[in-house]
Amino acid sequence: MQRPIHTLIITAATLAGVVIYPATADEALNRGAILSASCASCHGPEGRSPGAIPAIAGKTAEDLRVMLEDFRSGKRRSTVMGRHAKGYSDEEIQLIATHLGKQK
Amino acid sequence: MRHSTRRHFIELIGSAGAVSSMAAWPIVAGGGQSAGRVVIIGGGFGGATCAKYLRRIAPAITVTLVERESSFVTCPFSNAVLGGLYDIDFITHHYDALRDAHGVEVIQDRASTIDPAAKTVALSAGSTLTYDKLVVSPGIDFQWGAIDGYDEAASEQMPHAWKAGPQTLQLRKQLEAMPNGGVVIIAAPRNPFRCPPGPYERASMIAHYLKQAKPRSKILIYDAKDTFSKRPLFEQGWKALYPGMIEWIPESEGGAIEAVDVRSMTVHPTFGDPQTGDVINMIPPQKAGAIAQVAGLAGDGGWCAVDQRTFESAVHKDIYVIGDAAVANPMPKSGFAASSQGKVCATSIAASLSGLEMPEPSYSNTCYSLVGPDYGISVAAVYRAGAEGIVSVEGAGGISPKDADTAFRSAEASYAVGWYQSITADIWG
């Protein structure tokens, strides 16, 4: 089990007042985050929409990937999502879907 | 720390749910030690977004937001207030959540000067803030005097209503007081200016009000340009909803206003006859907000050049300019764009303060306009930024289809409201 060991590391670092920078921030994680940053502007904070626009929280990465690809191809009809989805490559759609798929 | 340990650290934090899933990466501080001090001037779409997202991405960073007002009244949906669809409370937002839930220090004061060498900001109440990174998000100011006779005093009689709040209410009051059969003049500036579709949405929302309350009235749009944002969609919508009520006068037909006379309520175009109005909404030429001018961040045109990958000023290191004040074209000067820039700027500051590599930036924009309460239209774009600056992704974005049916227009009208609720919750919630 790895978890308890890491928890200990964090606790020790926190107690020591040390600032930790996880400097290898996974490239995909970062790109996924920055590519997804604008989604909340329409779909709400954490993908939880307070109004008429469909929420995206709680969807799996696979569901999101298929939806984005279908918006992009026009297979799935939309008002504005098709216009957005056309701005992203397969790889970028996968990164976005993986990132947003973590929203509960 | 070695590479592999850091990787595991990220995975652990992610799986433990200790950090929001929106965070680009976790940075943990203990013992009150700060990973840096960021001061943000301006609590609008750009500045408030940047403050909140900096705290989410990097909770160890100390973030201080300096905002003149105790609340923020948005320009988005202020046209719907003019049209009588909402009241001013609907578009007024407060800083409680930023302060209480997100750990942003909010100071209600005006930034008077910036010392880029000493890295300090002087506030008008007398105190001085020091920063490692400074974000300037001041929005717009007006070029008073650019139109002869139009200064701040004149804006009481001829409201610009291009900063929402008392000016919005003043314009609404004038619309309520004008007679049936009266003339409303909207004077639109040349590019660039805040909210490119705004004057035309405003004409639509005022027409919506007049159609019910004063149906014999007319709206004249005097324009300093020969075309405008979403023009085919607006013109189609006006024909459908307000036939004969709105007339657009382009620059080439004498649309550019060079002078006004407040006493006689008259506008003078560069050529052609003067025109009197019962209500005159004068939207003057604009420039970056005052603090950007005072600090020397703005260039000749009045706007602030930046590195469009990070929004760091082209003039001063460690100072970032976002939102309407920045030169970010092809991105429009919109609230959505400012918020998108605020997120990228927050990421780049967090990366810089922690010695990380900034990922390739990506921006987007969606601007909804209400032609009527059940008639919405939109323009969208996706952007990337490389060494050559921001570019629109080809094949993406564009305006709503011209041949859309009423169900489509109605859906976009309800999505316009949904967008407003989402983005304001994302920023001030």
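The values are calculated or read from the model by the stated rules, or taken from the named source; none is laboratory data. Keep in mind that what you see is a predicted model, and the values were worked out from it rather than measured. When we count neighbours, we look across all protein chains shown, and the Cβ atoms used for this are built from the backbone with ideal geometry, even at glycine. For the accessible areas, the whole protein counts, side chains as well, though only heavy atoms, and no ligand, DNA or RNA atoms are used. Shrake-Rupley method; radii C 1.70, N 1.55, O 1.52, S 1.80 Å.
The residue that is farthest from B:PRO215 (Cα to Cα), among those in the stretch B:171-204 that are touching a helix residue (DSSP H, G or I) at 6+ places or on another chain (Cβ under 7 Å) and among the hydrophobic types (A, V, I, L, M, F, W, C), is B:ALA188.
Is it true that B:ILE88 is crowded, with 24+ Cβ neighbours inside 10 Å and either over 15 Å from the mean Cα position of the chain (by Cα) or not assigned by TED's automatic domain parsing to the domain that holds B:ILE319 (or both)?
Here the answer is no, as B:ILE88 does not meet what is asked.
The residue that is nearest to A:SER73 (Cα to Cα), counting only those in the stretch B:385-412 that are within 9 Å of another protein chain (Cβ to nearest Cβ), surrounded by 15 or more Cβ atoms within 10 Å (Cβ to Cβ) and free of Cβ contacts under 8 Å to residues at least 60 places away in the same chain, is B:ALA396.
Annotation for the stretch B:140-155: at least one member residue is part of a loop (DSSP other than H, G, I, E, B), among the aliphatic types (A, V, I, L, M) and closer than 27 Å to B:GLU67 by Cα.
Taken over the stretch B:130-152, residues that are open to solvent by 70 Å² or more (accessible area, probe 1.4 Å) and either within 24 Å of the chain's Cα centre (by Cα) or closer than 30 Å to B:LYS119 by Cβ (or both) amount to 4.
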